1. Shape verdict for the range 100-193, please, from the Cα gyration tensor: rounded (a/c under 1.5), prolate (a/b greater than b/c) or oblate.
2. To the nearest 500 deg cm²/dmol, what mean residue ellipticity at 222 nm is calculated for the chain from DSSP H runs of n ≥ 4 alone, each contributing -39,500 (n - 2.57), summed and divided by the residues?
3. Take the alpha carbon atoms of the range 87-134, find their center, do the same for the range 1-23, and report the distance between the two centers in whole angstrom.
4. Treat the count of other C-beta atoms within 10 Å as a stand-in for reagent exposure and order 129, 124 from fewest to most.
5. Sorted from fewest to most neighbouring beta carbons within 10 Å, what does the list 98, 23 look like?
6. Among 46, 164, 66, determine the one that fluctuates most according to a GNM of the chain built with springs between C-alpha atoms less than 10 Å apart.
7. Please compute the Kirkwood hydrodynamic radius of the range 1-83 from all pairs of different C-alpha atoms, in Å with one decimal.
8. Along the Cα-to-C-beta direction of residue 146, a point sits 7 Å from the Cα; which residues of the range 153-193 have their amide N less than 13 Å from that point?
């Protein structure tokens with residue numbers, strides 16, 4: 001039977017979005033031993049991102065996917081990070097993520113989440129999708145949970161939208177991102193148990 005590290009070296013995890021959820025989930029997966037990640041995001045690192053995203057002040061102004069690749073390679077120089085500095089749309093989502101074993105949705109906006117979920121469920125229904133929902137604010141860690149609906153797992157509190165009065169802050173964003181990474185590992189390694 002295949003061992004854990006050998007399995008993690010073979011699989012590929014797709015991440016749609018390289019912000020708070022995506023950057024933190026990617027780093028958790030790399031540290032766990034996942035070597036192949038496909039990540040798509042068109043945005044650049046800004047100073048306002050540093051309160052919750054896995055970037056550094058000297059990376060301000062760099063594409064998030066490129067900064068994340070640099071950071072991941074510092075943790076494991078043997079990993080393969082395929083970056084796509086594009087906005088994920090229904091027209092490119094299938095091409096971007098069709099070779100992935102698991103996909104993590106890490107968008108900020110609800111409409112983007114819905115479009116990605118609908119597209120992937122229609123065209124890539126056999127690839128598990130792990131979604132983040134309800135990460136705004138602080139405290140109430142015991143309200144963060146997971147819910148499975150077929151091939152979709154949702155992580156978060158399912159209701160606390162990030163907004164001006166309930167901003168996305170590092171602790172809750174990190175909890176959900178790490179939960180998403182953990183769920184991805186659970187799906188990848190489930191056959192080894």
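Where a number appears in this text, it was derived from the coordinates with a stated rule and is not lab data. Because the structure is a prediction, the values reported are computed rather than measured. Every residue, glycine as well, gets a Cβ built from its backbone with ideal geometry; the counts of neighbours run over all protein chains shown.
1. Working: a/c = 2.49, a/b = 1.42, b/c = 1.75.
Oblate, because a/c is 1.5 or more while a/b does not exceed b/c.
2. On the way: 6 runs with 71 residues, N = 193.
Rounded to the nearest 500, it is -11500 deg cm²/dmol.
3. Between the Cα centre of the range 87-134 and that of the range 1-23, the gap is 15 Å.
4. On the way: 129 24, 124 18.
Listing 129, 124 from fewest to most nearby Cβ atoms yields 124, 129.
5. Values: 98 14, 23 29.
Fewest-to-most Cβ neighbours within 10 Å comes out as 98, 23.
6. Result: 164 has the largest fluctuation of those listed.
7. Details: mean 1/r = 0.0784 Å⁻¹.
About 12.8 Å, per the Kirkwood formula over Cα pairs.
8. Output list for this probe position: 153-156, 176-191.
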